[in-house]
Amino acid sequence: PVTPERATNQGQLPIQQQVIGAGTPRTFNIDQETLRQLLKAASTEGSGAIANEISPEKKDDGSFKVSEGEKARMRSMCGLPEDAADECFPKWFRDIFGKHMDDVTRAQLVAVAVEKGYIIEDAEVALHPELTKTIIKRDWTGSDLGKRAALVNAAKGNSPFACVDLTEEDVAEMTEDYKDLHKASAVSTADYKAARIKLKARTPSSSEGFMLMLKRYTNLQYALFSSQSPMYVQMYGIVRALRDYSPNARTKLTHEVKTCILWIILLQARRFSQGKMKGQNACLGEFTNMVNLIKAKNCETITHVEVPTELLAPTAHKRTTMDTTNKGTGTEGGGDETGGKKKKT
């Protein structure tokens with residue numbers, strides 16, 4: 001340690017320096033100006049060395065902050081090796097983790113990625129608010145994680161039912177409704193139900209609409225996860241197989257067959273979204289069977305016992321629900337027990 005002592009002569013300041021391990025301390029006489037310059041030089045050199053040590057030159061290695069679990073899941077979804085570096089991820093996925101990034105900027109990044117990344121012409125994906133939110137939050141399973149797919153969640157997450165046929169006006173209206181719901185000070189359950197109706201899972205009635213939904217979903221997989229994605233590879237194979245059908249053959253696809261195909265794709269998409277679409281058990285048994293039947297042009301035998309009844313026959317299900325409600329309230333025919341008019345449902 002350096003111990004300054006009382007000044008003895010004008011302009012000089014005796015300093016005693018104890019040398020550890022030495023037998024006798026040594027004393028140096030240094031004038032104040034020289035001491036001031038030495039301290040200033042030492043301070044400048046020391047701060048520079050410390051600054052270099054604390055803040056070394058940063059190199060852009062393409063890394064970004066996200067959990068290793070999500071990175072591993074994303075590698076599987078993109079068809080990347082398990083040891084793939086961060087720069088191998090899709091650009092939109094790396095960019096949304098940038099510093100000081102708000103949801104509006106993230107939504108713009110997602111929109112650019114989806115609009116520019118497509119493989120099938122004339123099958124533009126409608127980026128409605130729920131789908132944009134799903135991509136930004138990476139909520140690929142749509143609340144179906146760890147359990148069977150539910151009809152109420154069928155249009156959420158990475159799902160073919162999310163690729164509904166919407167016009168630009170429909171998307172704009174849904175966006176305004178979405179903003180109103182989040183800005184409102186009080187929102188009722190009926191408001192949320194009304195918003196969900198527009199994204200309710202449904203099967204297109206026409207063969208053209210059915211093919212368009214499959215093409216849009218294929219484009220979405222390509223745009224988000226690249227051409228190496230196992231889900232994209234399977235979907236592209238399904239679309240190509242159905243393209244080989246004659247227009248008359250595609251028209252013969254019944255509502256039940258089309259619904260079963262979409263539901264089985266949803267089940268496989270849920271498995272894919274959990275990063276489990278790899279190895280020998282990459283595809284579900286029903287998905288593999290469905291793909292083989294489509295390629296064999298034997299679609300009329302495609303079925304699945306877990307498809308919700310409401311999705312298979314929505315009109316019949318609605319009628320049955322109304323009948324059950326009427327029985328529960330004691331109503332019959334066109335009036336109630338008091339003889340009044342039947343209430344609207």
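The values are calculated or read from the model by the stated rules, or taken from the named source; none is laboratory data. Keep in mind that what you see is a predicted model, and the values were worked out from it rather than measured. Backbone-built Cβ (ideal geometry, glycine too); neighbour counts: all protein chains shown. Just the protein is used for accessible areas: all its heavy atoms, side chains included, with ligands, DNA and RNA removed. Shrake-Rupley method; radii C 1.70, N 1.55, O 1.52, S 1.80 Å.
Counting the residues of the stretch 78-90 that are part of a helix (DSSP H, G or I) and buried (at least 18 other Cβ atoms within 10 Å of the Cβ) gives 1. Applying the criterion of being outside any helix (DSSP H, G or I) and hydroxyl-bearing (Ser, Thr, Tyr) to the residues of the stretch 201-224, the residue that is surrounded by the fewest Cβ atoms within 10 Å (Cβ to Cβ) is Ser205.
Just one residue in the set Leu151, Leu145 is out of contact with any Pro (no Cβ under 8 Å at 6 or more places or on another chain) and modelled with pLDDT of 75 or more; that residue is Leu145. All of Glu53, Glu70, Glu33 fail the test of being of a type in the set (Asp, Glu), assigned to a helix (DSSP H, G or I) and modelled with pLDDT of 85 or more, apart from Glu70. For Gly328, are the conditions met, namely being modelled with pLDDT under 95, open to solvent by less than 30 Å² (accessible area, probe 1.4 Å) and over 30 Å from Thr134 (Cβ atoms)? In short, no. For the stretch 261-279, the set of residues classified as free of Cβ contacts under 8 Å to residues at least 60 places away in the same chain and under 19 Å from Leu293 (Cα atoms) consists of Ile261, Ile264, Gln268, listed by residue number.
Residue by residue, here is whether (1) touching a Ser or Thr at 6+ places or on another chain (Cβ under 9 Å); (2) not basic (Lys, Arg) holds:
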residue: Val233; (1), (2): yes, yes
residue: Gly237; (1), (2): no, yes
residue: Arg240; (1), (2): no, no
residue: Arg243; (1), (2): no, no
residue: Asn248; (1), (2): no, yes
residue: Lys252; (1), (2): yes, no
residue: Cys260; (1), (2): yes, yes
residue: Leu266; (1), (2): yes, yes
residue: Ser273; (1), (2): yes, yes
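The combined condition, being modelled with pLDDT of 95 or more and among the hydroxyl-bearing types (Ser, Thr, Tyr), is fulfilled by Tyr217.
Scanning the stretch 225-236 turns up no residue that is touching a helix residue (DSSP H, G or I) at 6+ places or on another chain (Cβ under 8 Å), farther than 26 Å from Gly117 by Cα and either buried (at least 19 other Cβ atoms within 10 Å of the Cβ) or at pLDDT below 95 (or both). Could you say whether any residue in the stretch 239-257 is under 26 Å from Leu80 (Cβ atoms) and touching a residue at least 24 places away in the same chain (Cβ under 8 Å)? Checked the stretch 239-257: at least one residue is under 26 Å from Leu80 (Cβ atoms) and touching a residue at least 24 places away in the same chain (Cβ under 8 Å).
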